[in-house]
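The values are calculated or read from the model by the stated rules, or taken from the named source; none is laboratory data. Just so it is clear, the model here is predicted, and its values are computed rather than measured. Here Cβ is always computed from backbone atoms with ideal geometry, including for glycine, and neighbour counts include all displayed protein chains. Side chains included, ligands, DNA and RNA excluded: accessible areas come from the protein's heavy atoms. Shrake-Rupley method; radii C 1.70, N 1.55, O 1.52, S 1.80 Å.
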Amino acid sequence: MVLVAVFGVALLVAVLLSGLAARTVLSTSFLFLVGGALVSDGFLGLIHITPDSDIVAVTADLALFAVLFTDGMHVSFPALRSAWKNPARALGLGMPLAFVFMALVTHYLVGLDWTTSFLVGAVLAPTDPVFASAIVGRKEVPARLRQLLNVESGINDGLALPVVLLLIAAAGPAVGSADAAGSKIALELALGLVFGVVLPLLVSGLVRFSLLGAEPKLQPLLPLATGVILYAACHLTHANPYLAAFSAGAVLASVSPESKQAFEPLGESLAELAKFAALLVFGALLTPQLFGDLSLGGYVAVVLAIILIRPASLLLSLIGTHFDRREKLAAAWFGPKGFASVVYGLLVLQSGIPQAEQAYTLIAVCIAFSIIAHSSTDVPVARMFHVNELVGIPDADQAGPHTTPEANGTVHART
């Protein structure tokens, strides 16, 4: 119950400060991360959470499912067909380059074995736009840049997941059973993909019956019910829930745009709550001992991951495109190690592989530094694109009695 109270207080503070956060280097995600750290055993000792606590696994599982389900709804197949080349470059070249470069740095600077080093690279490869919302949430920023960051971050979570799971299996103590584990993971992924495609199609077909249909005020609950059923079905059959969630969101948005539009406000709010809860729990694991356990080489690897590996990988992938220099630099910088990396890092920690703790320490510190670096620089970078009214909230000296959200564009919450 103490954890619930702490979450409530953190949520209240985050909401009250969200207007300020939209215009400054402050970030609500950072508030939850710090809040979790402050109330943990490392500081005030109000809550006691360890990596093997049930709350860690449950919160991470639910949160990633919710986030991937809503992320999948942002995938527009028509938009991808018309402008797929730039995101494809980032996903097909930039992401693998970051994956390999991070593995090399991890092996040579931290001393982890090759399999675990590639696992760290896979965990830290996905990006998350929530720490760059002043960029992706404003129409003044070039549309091709916003689309690149949104599509890349929306899809790379799902692309990284199979690699993470296979590398966990390969790094496990029973090396001889790696092939069997790989076959099992492949089956689980395939089953998750089938569930994620079939269930939304089935629900969409049911809605078209003349005797069935949701009244407007209940329509947002239709995708929610689909997600709940999907989550339960995956856990009952051991299908992969994350791939199922992402594919279901994409299919649902494609076959039923009206359901997606009705569910979007509720879905985004639920996903944000899930993210905040997981960040609070993740923050509680960020103790002084964890930061002390990371070697000097590890800290060098973290700095390289943020200021060199991601920027260089994406800049290489964008050679020959029509992005101008400013757009390329902004896209290259905003590769935060986001929420999916938090959850994948927890999967590594709970996997029982020989170097799980060392890998998790590096991953956790890198994510913490990335949240600080990227959530505190999106506003200054947005200013380069002449975004004066950030995230739909005007600056204090511009606000007036007649200012409305509609007058300033779509309102986006900076997290």
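Do the conditions hold for Thr377, that is, is it open to solvent by 10 Å² or more (accessible area, probe 1.4 Å) and either over 20 Å from Tyr108 (Cα atoms) or within 17 Å of the chain's Cα centre (by Cα) (or both)? Walk me through how you get there before you give the answer.
Numbers: open to solvent by 10 Å² or more (accessible area, probe 1.4 Å): yes; either over 20 Å from Tyr108 (Cα atoms) or within 17 Å of the chain's Cα centre (by Cα) (or both): yes.
Taking the combined requirement at face value, the residue satisfies it.
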### Task
For the stretch 352-368, name all the residues that are buried (at least 18 other Cβ atoms within 10 Å of the Cβ) and assigned to a helix (DSSP H, G or I).
Ala356, Gln358, Ala359, Tyr360, Thr361, Leu362, Ile363, Ala364, Val365, Cys366, Ile367, Ala368
### Message
Cβ-Cβ distance below 6 Å, separation of 6 or more or different chains: which pairs start in the stretch 205-221 with a residue that is within 20 Å of Gly249 (Cβ to Cβ) and end on one that is assigned to a helix (DSSP H, G or I)?
### Response
Ala214/Leu222; Gln219/Ala262; Pro220/Ala262; Pro220/Phe263; Pro220/Leu266
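Just checking, which of Thr28, Thr50 is out of contact with any helix residue (DSSP H, G or I) (no Cβ under 7 Å at 6 or more places or on another chain) and modelled with pLDDT under 85?
On the way: Thr28 fails: out of contact with any helix residue (DSSP H, G or I) (no Cβ under 7 Å at 6 or more places or on another chain).
One residue alone meets the criteria, Thr50.
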### Message
I'd like the full set of residues that are open to solvent by 90 Å² or more (accessible area, probe 1.4 Å) and in contact with a Leu (Cβ under 9 Å, 6 or more places away or on another chain), limited to the stretch 212-230.
### Response
Leu212, Ile229
### Message
With the structure loaded, tell me whether Ala233 is open to solvent by 20 Å² or more (accessible area, probe 1.4 Å) and either farther than 30 Å from Ile363 by Cα or at pLDDT 85 or above (or both) or whether it fails that test.
### Response
yes
### Query
When the stretch 328-351 is examined, which residues are found to be outside any loop (DSSP other than H, G, I, E, B), among the hydrophobic types (A, V, I, L, M, F, W, C) and more than 20 Å from Asp52 (Cβ to Cβ)?
Leu329, Ala330, Ala331, Ala332, Trp333, Phe339, Ala340
## Note on the structure
In the stretch 39-58, anything among the aliphatic types (A, V, I, L, M) and under 20 Å from Tyr360 (Cα atoms) is listed as Ile49, Ile55, Val56, Ala57, Val58
### Test: Leu273 is modelled with pLDDT of 85 or more and either surrounded by 23 or more Cβ atoms within 10 Å (Cβ to Cβ) or within 30 Å of Leu201 (Cβ to Cβ) (or both)
yes
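Taking the conditions exactly as written (under 17 Å from Arg144 (Cβ atoms) and not in a helix (DSSP H, G or I)), does Ile319 satisfy them or not?
Details: under 17 Å from Arg144 (Cβ atoms): yes; not in a helix (DSSP H, G or I): yes.
In short, yes.
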### Message
Quick check on Arg23: is it surrounded by fewer than 14 Cβ atoms within 10 Å (Cβ to Cβ), of a type in the set (D, E, K, R), on the phi < 0 side of the Ramachandran plot and modelled with pLDDT under 80?
### Response
no
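List the helices (runs of 4 or more DSSP H) that sit entirely inside the stretch 118-211 and contain at least 2 residues that are at pLDDT below 80, open to solvent by 60 Å² or more (accessible area, probe 1.4 Å) and of a type outside the set (A, V, I, L, M). Step through it out loud before you land on a result.
Details: elements: 133-136, 143-170, 178-207.
So the answer is 143-170, 178-207.
Just to be sure, is Gly400 surrounded by fewer than 22 Cβ atoms within 10 Å (Cβ to Cβ) and modelled with pLDDT under 90? Walk me through it before giving the result.
Numbers: surrounded by fewer than 22 Cβ atoms within 10 Å (Cβ to Cβ): yes; modelled with pLDDT under 90: yes.
Against the criterion (surrounded by fewer than 22 Cβ atoms within 10 Å (Cβ to Cβ) and modelled with pLDDT under 90), Gly400 qualifies.
Residue check: is Gly320 on the phi > 0 side of the Ramachandran plot and either at pLDDT 85 or above or open to solvent by 10 Å² or more (accessible area, probe 1.4 Å) (or both)? Step through it out loud before you land on a result.
Numbers: on the phi > 0 side of the Ramachandran plot: yes; either at pLDDT 85 or above or open to solvent by 10 Å² or more (accessible area, probe 1.4 Å) (or both): yes.
So Gly320 passes the test.
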### Query
Conditions: (1) more than 19 Å from the chain's Cα centre (by Cα); (2) under 16 Å from Leu270 (Cα atoms). Asp61 meets all but one. Number of the miss?
(1)
